[in-house]
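The values are calculated or read from the model by the stated rules, or taken from the named source; none is laboratory data. On a predicted model such as this, the values are computed, not experimentally measured, just so you know. Backbone-built Cβ (ideal geometry, glycine too); neighbour counts: all protein chains shown.
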Ligand SMILES: [Zn+2]
Ligand SMILES: [Zn+2]
């Protein structure tokens, strides 16, 4: 069998070129037609011809069939950018005003193309089939569901799925390492919007009004009591109210006030309890203050849970590439969300972390206008995924 590590290293220049091309042409949400076309063209050049484009809008699913019998492995890369004005000053910066690949999804596309290339060259050694999944709209949590609804998990159905996130999401890991985690890695991310309805009037005569801002203030505190008093202290969860809007002038009591927030949790019981109780508490507070609350919940991605067995095999495949000393267990999950969780809810698999951290002094968080990556480690992602595909069954 060919040396996967050496092959991937040799491909890094190409992977970087692909990343830069995607980076220059960022697309948002479900609308990723240029990236879709770019991916399809590159796959065709590699001799991968079982390609289904337009999956769930602009997603791509392509099959690499091995020469040996075996199971079906999915590999997923997200390909959407963010509504951020790029300020990196890089020669390959975004050419579209107000849009930027500020989360590393440009690298995910390029890294999975690298994997595709290696696998297409090694069909003789590949058992089973690999389904390459290029997904739009991760940031809006719509792409995975759209592709699932459009049958990406069928024909052939998947036995396992893997994917990665690059960048600097987890501290303590340096470029050139691979981070893995058994079990929960990322949180369920749900949203709520509450509209408190009262009765407006003069600020000097509150007794003749029903004050919706007062309701929102009480509900704001009562929600945090749900987190601290009603759930186990051992079950991680956070509720953040990120927006409250009401009123129009200091001496006017308005008739409505809107409150919006996010609910993050790691297990399904806590998730449904929090949603239920936040609704009940807001309605109860409003009622107790002579008003009413209209509570709307939006369910986002579930918690991202890695399968034990597949994560162990992934750890082994990664150790082959970077060595045991550069493999690290991620100590704590993050309360960030990731819509790869929709795939992992249906198919056992593992989502791993490829630290890609630029030189000191140029490190900015994900979604920042100066966010960048260390391009020298992209090949590791391609090599780990290709090696996993060749060794997991
Ligand atoms: Zn992001
Ligand atoms: Zn991301």
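So the values come out like this:
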{"item": "Residue list for the range 26-83, restricted to those being over 24 Å from the mean Cα position of the chain (by Cα) and over 16 Å from residue 116 (Cα atoms)", "result": "68, 69, 70, 71"}
{"item": "Pair list, Cβ < 9 Å and 6+ apart or interchain, from the range 94-108 residues that are over 23 Å from residue 337 (Cβ atoms) to residues that are in a helix (DSSP H, G or I) and more than 10 Å from ligand 2 (Cβ to nearest atom)", "result": "94/23; 94/24; 95/24; 96/24"}
{"item": "Criterion (modelled with pLDDT of 95 or more, crowded, with 22+ Cβ neighbours inside 10 Å and away from ligand 2 (no atom under 16 Å from the Cβ)) met by exactly one of 325, 349, 381, 309", "result": "349"}
{"item": "Filter result (at positive phi and crowded, with 21+ Cβ neighbours inside 10 Å) within the range 164-204", "result": "167"}
